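Input: a single structure, listed below in structure tokens.
Coordinate-derived values only; no laboratory data. From a predicted model like this one, the values you see are computed outputs, not experimental measurements.
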Amino acid sequence: MLYLKYCMKLNNLCLLKKNEADRTPFLLKELDSKNTKILSANAINILEILSEKEMYPKEIARVLGMNEQKVYYYVNNLKKAGLVDVVGEKTYGGLTARYFSATSDGAFVLWKKKDAEKTKTEGKENPLSVFSKNSFSNTIFVLGAPMHHGKQMAKAEDEKLAILIALFAGSFSKSCSVSLSNVKYDIDMTENDLKKNLIIIGGPAINKTTALINRHLAVKFLKKDDFYYALYSAISRKKYSDENCGFIEKIINPFNKYSAILVLGGRRSTGTEAAVFFLINKFKSFEAGNQYNKNIFSKIVKGFDEDNDGIVDKAEELE
């Protein structure tokens, strides 16, 4: 039997433990009661395999021995309920296959709405406080390596952005106790590093840690073959393909559900610059949450270089 006694809620997600000593809690998503009817045996089978591996509908049909059209029906319903989402695309024989993944380990329904609303109004914690806690000792700034690497053979130049973010985040802490081990390139990250609080800078083409957590984000980078061609918001179901678009998002760390991750990235470097500019100059807006769901710390922005000096000096909120 599972107990909600040891439950921590963030962004409509909940950590559920079997007992207080449980070190591997489940990540659950709150489900609207009207959506419970979609959880048939077939739908649950699909969720189970998509929680282990991202797949496209034809592949799911083959694994489960189901009719392909039925799989599309179940996947579309699960996507509408927010239980699965698109995490990438690949082209096979001229046709594009959309890959799906489960967004959580399970779901729960909360029917005592009055108490739920009360907790929403009790006030939000500063979204950066978890990173500055204990003087940043358990936080790693993850930058893309400055040499050509990855399938795109891209290189990052985000050190200056990391300095800005570090200075800004440091303003929320009374003290700071960091070393060189608190800053790492993506190619140097270990399994143990991934379990800490992470502030990741750069899109998936130049930072493989961003690519690693892409499936867990509410705002994802859409991929076709080996090219990241757009941002997709699972919150608004909108797609953003402008090269100057970037995003900021805070999530529970999928590798250690007691830690958090802050991601600032874009399709190109200007998008990442726009995300950093927006966080520093319009932090109150980020703190207020996404315009479509105030419980999610996520913003999509667009950067502008108004004086043509090659540096983003304005960022507008798109979502």
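Residues in the range 267-284 carry Karplus couplings, in order, of 5, 9, 4, 5, x, 5, 4, 5, 5, 5, 4, 5, 4, 6, 8, 9, 4, 4 Hz; the curve used is 6.51 cos²θ - 1.76 cosθ + 1.60 with θ = phi - 60°, and Gly or Pro positions show x. Length gain on complete extension for the stretch S40 to L64, per 0.36 nm per residue less the alpha carbon to alpha carbon distance? Here the answer is 7.2 nm. Each residue of the range 69-76 was assigned a 3J(HN,Hα) from its phi angle through the Karplus expression (A = 6.51, B = -1.76, C = 1.60, θ = phi - 60°), giving 5, 5, 4, 4, 4, 5, 5, 4 Hz with x at Gly and Pro.
Residues in the range 190-203 carry Karplus couplings, in order, of 9, 4, 5, 4, 5, 8, 8, 5, 10, 10, 9, 10, x, x Hz; the curve used is 6.51 cos²θ - 1.76 cosθ + 1.60 with θ = phi - 60°, and Gly or Pro positions show x. Rounded to two decimals, the Cα-based Rg/Rh of the range 179-319, with Kirkwood Rh, is 0.95.
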